[in-house]
Amino acid sequence: MKKPLDRMIVETWVLFKSNLVLVVPAVVVTCLTIAFYLFLGMVVFLNIFPGLKKTWGSFGGSMGGGSPELLMGLIIKSVGLLFGFMITAAVFQTFLGMIHGAGWGGMFANVVSRGRTDLGDYVEGIGKFSGRMFGYMMIRGGLVGLPFVVAMFFVMIFVLIARNATPMVIVLSVLMLAAAGVCAMVISFLTIMWKPAMFVKDADVMRALGIGYRFTLSRLGPILLIAALWVGFVTVISSLSGTMSSMLGAQGGGNLLWMHKPGVPSSSAVGLMIALAGISQIVTGIVSFFASVYYNLFLYNYFAVEQAGSDVGGG
């Protein structure tokens, strides 16, 4: 039984308001991610800074003389640390994404099936869906990344044939990468219901892929509209945030340099502009954060209701 999208939007909003606990895991994961990168950055800095200071000192505060061996050693060490940083970050993001995705998906599935959830469902989801979530992440990442691998292969072929980066090679390379981007967006769209199908139907990874793909094709118009509305919302919010913070920050920062000149706002006014720039970023970030939780819940609810043909929106 198909429902109008406006009714689904309202029903999902009712579910969202009565299950704000959905936001808690996302907040915790965001804080963990920030703390992890701050810690990792501090480790890299503390390992590089002493060598940088020693190398700079050996050059007498300039690059006119000193020890090239120390400089080369510092460069090698920095590259190694940055490579280790990227590997560690990738492992961390994969593990955290798997754990969080499994727990969060379990919560969403319980909301749309029985109208409520709690953090116990998050823990249960981790135990039940972590393996499937890992498979989903690897396969979907491979599918989305495949067009870019193919594009880069052809770009290398073009360069080898031409033996130089001629204008024609550059144009063909840009077209290939643009086509890869379009293919990746199409794949992302066609698999948009893959994860909801895996959690709501309690299906294995490949079966869920088939269910989600067929579901998307059978409701191509409404799902395309949903995705377009979300992309439009994110674009508008990002543009507003960037414009407001740039205008206020630039005006405040520019006036900060000339605040003692006639006609320039006082220091309190300049400080207010800079503070407003920061507040605008925080507000738009919070709005985007809650909106992303609602959007995910909407996808789960839309899939569950359309699949079951029953009303689960009241909670």
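The values are calculated or read from the model by the stated rules, or taken from the named source; none is laboratory data. Because the structure is a prediction, the values reported are computed rather than measured. Methodologically, a virtual Cβ is constructed for each residue, glycine included, from the backbone with ideal geometry; neighbour enumeration extends over all protein chains shown.
Looking only at region 1-44, count every residue that is more than 19 Å from the chain's Cα centre (by Cα) and not in a loop (DSSP other than H, G, I, E, B) and tell me the total.
Initial filter on region 1-44 (more than 19 Å from the chain's Cα centre (by Cα)): 1-21, 39-44.
Adding the requirement that they be not in a loop (DSSP other than H, G, I, E, B) leaves 5-18, 20-21, 39-44.
The qualifying residues number 22.
Restricted to region 1-52, and to residues that are of a type in the set (D, E, K, R) and loosely packed, with under 14 Cβ neighbours inside 10 Å, which residue is modelled with the highest pLDDT? Steps first, please.
First pass over region 1-52, keeping only residues of a type in the set (D, E, K, R): 2-3, 6-7, 11, 17.
Add one more test, that the residue is loosely packed, with under 14 Cβ neighbours inside 10 Å, and what stays is 2, 6-7, 17.
Numbers: 2: 66, 6: 84, 7: 89, 17: 93.
Here the answer is 17.
Here is a check on your reading of the model: is residue 241 loosely packed, with under 14 Cβ neighbours inside 10 Å, at pLDDT below 90 and over 24 Å from residue 140 (Cα atoms)? Let's see the steps before the verdict.
Details: loosely packed, with under 14 Cβ neighbours inside 10 Å: no; at pLDDT below 90: yes; over 24 Å from residue 140 (Cα atoms): yes.
The answer is no for residue 241.
All but one of (1) part of a helix (DSSP H, G or I); (2) surrounded by 15 or more Cβ atoms within 10 Å (Cβ to Cβ) hold for residue 117; state the number of the condition that does not hold.
The number of the failed condition is (1).
Only one residue in 86, 107 is modelled with pLDDT of 95 or more and in a helix (DSSP H, G or I). Which one? Write out each step before concluding.
On the way: 86 fails: modelled with pLDDT of 95 or more.
It is 107.
So is residue 189 surrounded by fewer than 17 Cβ atoms within 10 Å (Cβ to Cβ) and of a type outside the set (A, V, I, L, M) or not? Walk me through it before giving the result.
On the way: surrounded by fewer than 17 Cβ atoms within 10 Å (Cβ to Cβ): yes; of a type outside the set (A, V, I, L, M): yes.
Yes.
Just checking, does region 62-72 include any residue being in a helix (DSSP H, G or I), modelled with pLDDT of 85 or more and in contact with a Lys or Arg (Cβ under 9 Å, 6 or more places away or on another chain)? Step through it out loud before you land on a result.
In the first step, residues of region 62-72 are kept if they are in a helix (DSSP H, G or I); the result is 68-72.
Right, trim to modelled with pLDDT of 85 or more and you get none.
No - not one qualifying residue is present in region 62-72.
Just checking, which of 249, 232 is modelled with pLDDT under 70 and either assigned to a helix (DSSP H, G or I) or surrounded by fewer than 17 Cβ atoms within 10 Å (Cβ to Cβ) (or both)? Before the answer, list the steps.
Working: 232 fails: modelled with pLDDT under 70.
None of the others qualify; the one that does is 249.
Would you confirm, using the coordinates I've provided, whether residue 87 is farther than 30 Å from residue 203 by Cβ and within 21 Å of the chain's Cα centre (by Cα)? Don't jump to the end; show me each part of the working.
On the way: farther than 30 Å from residue 203 by Cβ: yes; within 21 Å of the chain's Cα centre (by Cα): yes.
In short, yes.
Can you tell me which residue within region 158-217, out of those that are among the aliphatic types (A, V, I, L, M) and assigned to a loop (DSSP other than H, G, I, E, B), is modelled with the lowest pLDDT?
Going residue by residue through region 158-217, those that are among the aliphatic types (A, V, I, L, M) are 159-162, 165, 168-172, 174-180, 182, 184-187, 190, 192-193, 197-198, 200, 203, 205-206, 208-209, 211, 217.
Applying the additional criterion that residues be assigned to a loop (DSSP other than H, G, I, E, B) yields 165, 192-193, 203.
Details: 165: 66, 192: 95, 193: 95, 203: 94.
If we take residues in region 158-217 being among the aliphatic types (A, V, I, L, M) and assigned to a loop (DSSP other than H, G, I, E, B), then 165 is modelled with the lowest pLDDT.
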